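These notes are about the structure you will find just below.
The values are calculated or read from the model by the stated rules, or taken from the named source; none is laboratory data. Only a predicted model underlies this, so the values are computations on that prediction, with no experimental measurement involved. In this analysis, Cβ positions are derived from the backbone assuming ideal geometry, glycine residues included, and neighbour counts consider all displayed protein chains.
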Amino acid sequence: MEAAGLAVGVLALASIFKDCIDLFNMISASRSLGRDVEILETKLDVERMILLQWADRVGLLKTAEQGNTLQDPEVQQTVTRVLFSIQNLLSEGQALEKRYGLERSNLLHTTVNSHQPTSASRMERFLREFANLRLHSSKSSGSNTSKTATAIQKVRWIIVDKENFSQLISDLSYFTSRLHVLVPSAAMEAARMTQQDLSHLLSIAELKVIEEACAETQPVVATEARRVIAVKEAAIRVRIPRCLWFRWIDDRRANIHEAHSKTLHWALDPPAHPVAKWDDLGTWLKSGSGVYWLAGKAGSGKSTLMNYLLGHKRLKALLGIWSGSSELLMANFFFYYLGKPEQKSQAGLLRSLLWQILDIHPAAIEAILPNTWREAKGDNSKPLSVPSVAEMTGGLTNFCKTYLVDRKLFLLIDGLDEYEGSDLDTANFVEKLSMITNVKILVSSRPHPAFIAAFSKQPKLNLPDLTRDDITAYINDKVAAHPRLLELSQTEGLDSTEQIIEGLVDKASGVFLWVVLACRSVLEGLVAYDSISDIKARVAELPREVERLFEHMISRIEPRWRQEALRLLHLACANQSLTGTPSIPTLGLHMISVQGFQASATIQKDNSVQAFDKGDRTKCEVMEGRLRSRCCGLLEVEKHFLGQGGFCVCNHDGKHDEMIDSGVIFMHRTVYDFLSTPQIWEKKFMRIEDAAFNSHATLSLLWIRLGTVFCAKPRALEISIVMALAHTYHGDLTGCSLEITLANLGIMSQRLPIV
């Protein structure tokens, strides 16, 4: 072809280029080639991508003023010649069949590439800009493209011989490289454009196909594919642990009261001549294996001891002796029967343990949670599903068997008896895991039959047998050291004080919960200036059983506060009876305190919308004090700590306040168990006088009132509405009057914006 014939305008050159691109679309691989289909089609698509990158880089669709760099006539002629060579290469039927391993295909029955092309984004932009160029150009497209376009419309090709097709890729690569040589650019520019193209791909699997397909022919693309894969895999290693995490993952442990400063030292530093015998925990920590069982009846302080151990620096030191030169991994979980589903389920246990382990060893995620990894590789625009219990169980077991060759794992699991399912299930889970080499597990539970059968032959201790000295130390600090009792002991003798202390210790029977409540009763007497004989009488009246002690304490609530106290206890009991509900917000409880913690059909519907203010913390503190004085310590405030991605209702000024975000809960599971017995509420001193009182209706009103301050917090507002409706529904089921139900719904429709 003469040089003069190659001197074409911008539109004509762009049309030749488009013909080349269109010819790429006419080739696909035969499905009979199996997995090679992806590789072959990807190789072809990468060559098209590089061609499109060149067009963008040189400004092919632009004028000189807009940045077109093909202004040199000689360069333009050579570029045109190369483009015609590519066009001929992809349209010469005889060569395609005999030399390059392609066969003609019927247009109507050819399957086009099913995967997302790497060049798709750049291709779409080119076609859009090309159409605009033709639309605004006064020049004719000429006949240069018509012949090729006709061929494109009629002929499709199928790759049937992958070896011969590789030669076509090699020849295409030669010509595309010639174009880049004609208008050279920095290597960084090519890498940047490739990175830009690859970033549109969501699937790591597609990127790995590109890496494999380009390993020999396009090393720059292969290198960038590896880099993008590494970035995406790093993001997945962050993303998967996030789907395991849940907001209240640490709440149970965070709300366990710290051990008294003079108690529990024996656990890691046993006395030389102990009164009771137990398997030394320190010895087991530094040299033992399998399971150590910390047993104790309800309220004996098991969770307090487990929390004490976990926070003690000697625990890690002793475990360090066991692990030696191996890496030591530690994870913990505190079951909580009164908590959210994740706090009392096997799924929650596994999510927590895996989150802690994989946070330290993210490289293990792909092998440990393969299904979740596969899901994350596919599309990062959708939220990940929480792994199934089966996948997490298998993953944890696999981690212990595979990754603990040169590591050791210590697990601390508190409250097996607070698991919502079968005791046998948790016992079997612990047993199987503890049989794996380099794993040891410290567990605590009540002495239920399933745990006795599973762990009675393992190293163990029975907590109530060992806490007499701790209980004595606690009582001495809380009661014997009280200024009022010290005054009485000076006038009536130390013997009387000692009798009070001994009486409390003997009645406690190793149950710390009983001691805490009993000491509160004695302290109330001291504050009221009871005499020694009055204090002795108080101690004598205290029942030995925890449940009877609850009953005794409630019966002694002052008459002027009793109805309010009973309503508060009933509200907490009703709230706890609904699975998965959050604890009663302390701030919300204060909001409805002005009307006696009761919904009413006469509530005005024009209540003003409230807003957060600086006094909210004070309101919550006042509410905490009222709970303490009215409910004799059976209800307490649980502070909520803000964690990763945590939902928070208090940070209107950007600062988290765990008191404003707090909730009201039972001080111990045994309190809820006691109040859940229907007969309890039939006792005379437990009766609520107002027959119209309905706990669920009151809680519904609480959430409605709380919702009015959440207009700027969509998530908090949504929860308020859901909880208000849930309690309205259960109020109707439990006999709430229609008038009160309608009153609540009226306020909701008027004040909550998305209802």
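The table below gives the values:
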read-out	value
Tally, over segment 698-727, of residues that are surrounded by fewer than 24 Cβ atoms within 10 Å (Cβ to Cβ) and of a type in the set (S, T, Y)	1
Qualifying residue in segment 299-307 (condition: modelled with pLDDT of 95 or more, closer than 19 Å to H448 by Cα, in a helix (DSSP H, G or I) and small (G, A, S))	yes
Filtered residues of segment 483-525 (kept if closer than 19 Å to R556 by Cβ, out of contact with any Phe, Trp or Tyr (no Cβ under 7 Å at 6 or more places or on another chain), crowded, with 18+ Cβ neighbours inside 10 Å and aliphatic (A, V, I, L, M))	I500, L504, L513, V516, L517, A518, V522
Per-region count, segment 345-364, residues at pLDDT below 95 and β-branched (V, I, T)	1
Helices (runs of 4 or more DSSP H) contained entirely in segment 494-573, each with at least 1 residues that are over 41 Å from the mean Cα position of the chain (by Cα) and under 27 Å from I584 (Cβ atoms)	512-527, 546-555
Total residues in segment 535-592, condition without any contact (Cβ under 8 Å) to a residue 24 or more places away in the chain and loosely packed, with under 15 Cβ neighbours inside 10 Å	7
Test: residue in segment 42-51 that is surrounded by fewer than 19 Cβ atoms within 10 Å (Cβ to Cβ), at negative phi and among the hydroxyl-bearing types (S, T, Y)	no
Scan of segment 398-425 for residues that are of a type in the set (S, T, Y) and over 19 Å from G339 (Cβ atoms), ordered by number	T402, Y403
Condition broken by T618, with the remaining ones in (1) assigned to a loop (DSSP other than H, G, I, E, B); (2) modelled with pLDDT of 90 or more; (3) surrounded by fewer than 15 Cβ atoms within 10 Å (Cβ to Cβ); (4) not basic (K, R) satisfied	(1)
Identity of the residue in segment 436-482, of a type in the set (K, R) and within 18 Å of D269 (Cα to Cα), that ends up surrounded by the most Cβ atoms within 10 Å (Cβ to Cβ)	K460
Which listed residue, of S28, S85, S15, S32, is of a type outside the set (V, I, T), crowded, with 20+ Cβ neighbours inside 10 Å and under 30 Å from D161 (Cβ atoms)	S28
Hits in segment 133-168 - residues which are modelled with pLDDT of 50 or more, in a loop (DSSP other than H, G, I, E, B) and either of a type in the set (D, E, K, R) or on the phi > 0 side of the Ramachandran plot (or both)	D161
Filter result (loosely packed, with under 15 Cβ neighbours inside 10 Å and closer than 15 Å to T698 by Cβ) within segment 734-755	T734, G735, E739
Top-ranked residue in segment 8-49 [being touching a Ser or Thr at 6+ places or on another chain (Cβ under 7 Å) and not in a helix (DSSP H, G or I); ranked as farthest from L198 (Cα to Cα)]	V8
Filter pass, D171 being in the same structural domain as L96 (by TED's automatic domain parsing), at pLDDT 80 or above, touching a strand residue (DSSP E or B) at 6+ places or on another chain (Cβ under 9 Å) and not β-branched (V, I, T)	no
Odd one out for F399 among (1) in a helix (DSSP H, G or I); (2) surrounded by fewer than 18 Cβ atoms within 10 Å (Cβ to Cβ)	(2)
Sole residue being assigned to a loop (DSSP other than H, G, I, E, B) and on the phi < 0 side of the Ramachandran plot, chosen from L179, L201	L201
Among (1) of a type outside the set (K, R); (2) within 26 Å of the chain's Cα centre (by Cα); (3) surrounded by fewer than 22 Cβ atoms within 10 Å (Cβ to Cβ); (4) part of a loop (DSSP other than H, G, I, E, B) - the single one P387 does not satisfy	(3)
Qualifying residue in segment 269-280 (condition: surrounded by 13 or more Cβ atoms within 10 Å (Cβ to Cβ) and in a helix (DSSP H, G or I))	no
Cβ pairs under 6 Å, 6+ apart, first in segment 492-520 and of a type in the set (D, E, K, R), second loosely packed, with under 15 Cβ neighbours inside 10 Å	K507/R544
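Each row is one residue, and each column tells you yes or no for (1) under 23 Å from K457 (Cα atoms); (2) of a type in the set (S, T, Y); (3) touching a Gly at 6+ places or on another chain (Cβ under 8 Å).
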position	(1), (2), (3)
S289	yes, yes, no
K297	yes, no, yes
S303	yes, yes, yes
K340	no, no, yes
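The rows are residues; the columns are (1) within 17 Å of V183 (Cα to Cα); (2) modelled with pLDDT under 85; (3) over 41 Å from the mean Cα position of the chain (by Cα).
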residue: E38; (1), (2), (3): no, yes, no
residue: N68; (1), (2), (3): yes, yes, yes
residue: D72; (1), (2), (3): yes, yes, yes
residue: Q77; (1), (2), (3): yes, no, yes
residue: A95; (1), (2), (3): no, no, yes
residue: R99; (1), (2), (3): no, no, yes
residue: S105; (1), (2), (3): no, yes, yes
residue: T111; (1), (2), (3): no, yes, yes
residue: S119; (1), (2), (3): no, yes, no
